[in-house]
Amino acid sequence: MLLLAAFAVLFLVLPLAGLVVRAPWGSLWYELSAADVREALRLSLLCSVSATALSVVLGLPLAWVQARLVFRGRALLRGLTLLPIVLPPVVGGVALLTAFGRRGLLGQWLDAAFGVRLPFTTAGAALAETFVALPFFVLTVEGGLRSVDRRLEDAARTLGAGPLRVFWSVTLPVVRPSLLAGAVLCWARALGEFGATITFAGNFPGRTQTLPLAVYLLLESRPEAGIAVSLVLVAISLAVLVVLRDRWLRAW
């Protein structure tokens, strides 16, 4: 078992070691400070932060429903919530096109009524990242809500607090660590999204080209820059997983 475990670790570490060895350390700052990389970084931060904010707004009520309410079909709802985690990202992008494209179920109405077109826009990139990152926030917060001592909420109700006040004054402060962990994990997942973004929003510099999409093109024209940006994304992902490891595992 130890030998097989060692091979597994080697299999996981070797690609990362390859990045470290091949990284252009002497010109790392030059590669990362190039105009196209800085623009991709700006778009990545904008889209990932927007996706995180939207995930918090939509995901907190959904996590509460799944953690607190008992109803027929709850298992199906939870399965649908987690589906983007296992769904191929490209399929997620195609699904977004069928829903929010100009001829999509909702997209055609948005276009006709408000002139809003989401595909191949910055807003569309943020929407694609929200689709793949939302389940990570919901899962983490749901685990936090399930661990809350319900007696604290019951005590607040006996003192005359209404449901909304109990939620804001008792429940939210208790699950604040889970909220923060879920938001950070959601942001990291949105930052690294590729398949759904390129399928639904395209790869247009200055508009939808985030860091992962920039890496895809840089590897063809400037491999050193592509490796440098890849190393940054690996460092961010590794830092998030190390910091949130215990809380993420407890949520599962």
Can you run down the residue pairs with Cβ atoms below 7 Å, 6 or more apart or on separate chains, where the first is in the stretch 178-201 and touching a residue at least 24 places away in the same chain (Cβ under 8 Å) and the partner is basic (Lys, Arg)? Ser178/Arg247; Ala181/Arg247
Is the stretch 168-189 home to any residue that is among the small types (Gly, Ala, Ser) and closer than 30 Å to Pro24 by Cβ? yes
Here are some conditions: (1) over 25 Å from the mean Cα position of the chain (by Cα); (2) buried (at least 16 other Cβ atoms within 10 Å of the Cβ); (3) of a type in the set (S, T, N, Q). Thr171 meets all but one. Which one does it not meet? (1)
So which helices (runs of 4 or more DSSP H) are wholly in the stretch 21-137 and hold at least 1 residues that are within 19 Å of the chain's Cα centre (by Cα), of a type in the set (Lys, Arg) and surrounded by fewer than 21 Cβ atoms within 10 Å (Cβ to Cβ)? 35-68, 74-86
With the condition kept exactly as written, say whether any residue in the stretch 221-243 is loosely packed, with under 14 Cβ neighbours inside 10 Å, charged (D, E, K, R) and farther than 21 Å from Glu129 by Cβ. no
Out of curiosity, is Arg207 out of contact with any Lys or Arg (no Cβ under 7 Å at 6 or more places or on another chain), surrounded by fewer than 19 Cβ atoms within 10 Å (Cβ to Cβ) and modelled with pLDDT under 90? no
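The values are calculated or read from the model by the stated rules, or taken from the named source; none is laboratory data. From a predicted model like this one, the values you see are computed outputs, not experimental measurements. Backbone-built Cβ (ideal geometry, glycine too); neighbour counts: all protein chains shown.
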